[in-house]
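The values are calculated or read from the model by the stated rules, or taken from the named source; none is laboratory data. The shown structure was predicted, so the numbers you read here are calculated from the model rather than taken from an experiment. Heads up, the Cβs are rebuilt from the backbone with ideal geometry, glycines too, and the neighbour counts pull from every protein chain shown. Accessible surface is based on the protein model in full, side chains and every heavy atom, while ligands, DNA and RNA are left aside. Shrake-Rupley method; radii C 1.70, N 1.55, O 1.52, S 1.80 Å.
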Amino acid sequence: MLGALRRKVAIGGSSASVLGKAIRPGISTSRVSVNVGEEILLLLPRGVAHVRNFSHLILPGCSVGLAKTRDVFSSIQSETIMQKSCRAFSSGEGDLVDVVVPFMGESISDGTLATFLKTEPGDSVAADEPIAQIETDKVTIDVVSPQAGVIQEYVAKEGDTVEAGAKIAVISKSGEGVAPAAPAEKKSEKAASKPSPPAESVKEDKPKAKVEASPAAEKPKPPSSPPPKQTATEPVLPPKERERRVPMTRLRKRVATRLKDSQNTFAMLTTFNEVDMTNLMKLRSDYKDAFVEKHGVKLGFMSGFVKAAVSALQHQPIVNAVIDGDDIIYRDYVDISIAVGTPKGLVVPVVRDADKMNFAEIEKTINNLAKKANDGTISIDEMAGGSFTISNGGVYGSLLSTPIINPPQSAILGMHSIVSRPMVVGGNVVPRPMMYIALTYDHRLIDGREAVFFLRRIKDVVEDPRRLLLDV
């Protein structure tokens with residue numbers, strides 16, 4: 001019909017007359033425009049493109065029906081768009097939600113999918129419930145479920161390297177179409193329970209094999225060469241079955257790389273001293289109850305050593321500096337890094353602006369950071385930076401050690417266990433609780449004189465905490 005109309009219009013006939021003849025003879029032009037809208041609705045299955053062509057045919061001389069025709073087109077287009085949008089967000093597709101790897105930090109581009117906390121597809125999860133853990137160079141990050149539902153499938157596998165935004169699982173909000181893991185187990189059980197071939201047939205095959213092999217056995221054997229003489233006894237190695245090969249975690253690989261880079265970069269030298277802990281232990285014993293009652297945290301030795309390190313850094317600012325190319329960067333702030341050993345590896349959270357804190361604030365900050373480190377919830381920002389590090393190996397019973405510098409810092413203080421040793425005090429030999437302390441420093445930047453003075457200042461402040469009050 002549309003083709004006939006186009007041909008008649010092309011010959012020269014008016015659009016109104018052509019339409020009047022084609023659609024319904026004897027009806028006025030205005031009447032035709034109204035009926036055109038009805039005919040357009042009938043043409044809807046053939047496509048919107050044909051309707052647009054049909055509208056151009058009725059434009060000349062049809063001012064009355066133009067508005068109605070436009071209304072028909074607008075309703076057709078809006079209805080078509082609405083149908084498409086409904087199909088795009090239908091219940092079949094909107095029921096599935098992707099679980100993606102979250103943003104892991106400015107300096108971290110990827111991580112290793114360590115483990116799935118939900119082991120089987122079909123397990124139900126709640127909103128914001130962790131379903132997997134990503135190991136990075138610094139921290140372990142939880143991947144949480146964006147919606148409550150049922151795990152439909154896992155896209156990634158444990159041990160895969162994933163980037164931020166990568167999809168690792170699909171969750172069905174309604175739980176429809178999720179295959180449970182039980183049938184797979186039943187199949188494996190059925191496969192395992194299949195009867196083995198009869199033993200008689202196996203026994204029958206063995207004699208045949210012997211009969212067939214008998215002609216070959218009748219051939220004369222070539223003379224065998226004598227075994228080689230063993231000049232030396234070979235070492236007996238343990239069998240491979242008694243060894244286990246386990247891949248390193250990303251955190252362990254990162255720690256290993258940084259420590260080796262530190263050895264290759266710095267000209268490290270360690271100086272030692274010993275501290276009499278009598279006065280600091282007496283101070284702690286006298287005020288520990290009142291300290292807990294007022295501040296809600298126990299008074300430990302770490303706050304005393306942090307305050308002593310702050311005082312020493314202020315007296316020897318070169319220890320707080322760092323080499324950057326051909327320049328020396330002096331830091332006018334004191335951020336103390338505290339080395340914390342966790343089951344997954346060594347982490348170094350930072351106590352920011354330690355020079356502006358009192359004993360209670362330092363103890364609260366250290367306890368909070370240590371708890372986060374052991375729980376695996378510490379963030380990258382809480383470990384970034386730091387101008388000086390304190391490592392307390394005494395909590396593990398270490399008597400003496402040479403700590404390694406934490407780049408890009410220039411020195412590290414090592415604390416050790418407290419041991420009662422005989423000391424000469426006022427000409428008399430008396431037992432004293434003593435601790436060895438060690439300072440490893442970058443000899444390219446820090447001379448021995450500054451290093452010894454730095455360690456001596458820590459010794460003086462710890463042995464007599466009143467120096468902090470008088471600043472002497």
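Worth a mention:
- Contour excess over end-to-end distance, with Cα ends at I323 and F103 and 0.36 nm allotted per residue: 76.0 nm
- Listed residues H416, H295, H315 arranged by accessible area, highest first, probe 1.4 Å: H315, H295, H416
- Long pairs among K138/K364; K173/K253; K167/K240; K260/K459, criterion Cα-Cα beyond 32 Å: K173/K253; K167/K240
- Solvent-accessible area per residue for the range 254-337 (1.4 angstrom probe, square angstrom): 56 Å²
- Taking all protein chains as they are arranged and a probe of 1.4 Å, the heavy atoms of S391 leave approximately 40 Å² accessible to solvent.
- E463 exposes around 40 Å² of accessible area when a 1.4 Å probe is run over every protein chain in place.
- Under 5 Å from the amide H of G175 lie the amide H atoms of V150, each residue being 5 or more positions distant or on a separate chain, with H modelled from the backbone and absent for Pro and chain starts.
- Label-point gap, in nm, between N374 and L400 - each point 7 angstrom along Cα→Cβ: 3.1 nm
- Modelled spin labels at Q314 and D142, positioned 7 Å past Cα toward Cβ, are 4.0 nm from each other.
- With each label modelled as a point 7 angstrom along the Cα→C-beta vector, the T115-K282 pair spans 5.0 nm.
- Listed residues L455, L96, L251 arranged by accessible area, highest first, probe 1.4 Å: L96, L251, L455
- Two-site FRET efficiency, A127 against K253, from Cβ-Cβ distance with R₀ of 30 Å, rounded to 0.05: 0.35
- Alpha-carbon centroid distance for the pair the range 382-415 / the range 308-348, whole angstrom: 9 Å
- Average projected area [Cα convex hull, the range 308-466], square nanometres: 10.8 nm²
- By a 1.4 Å probe calculation restricted to protein chains, R444 has an accessible surface near 120 Å², given to the nearest 10.
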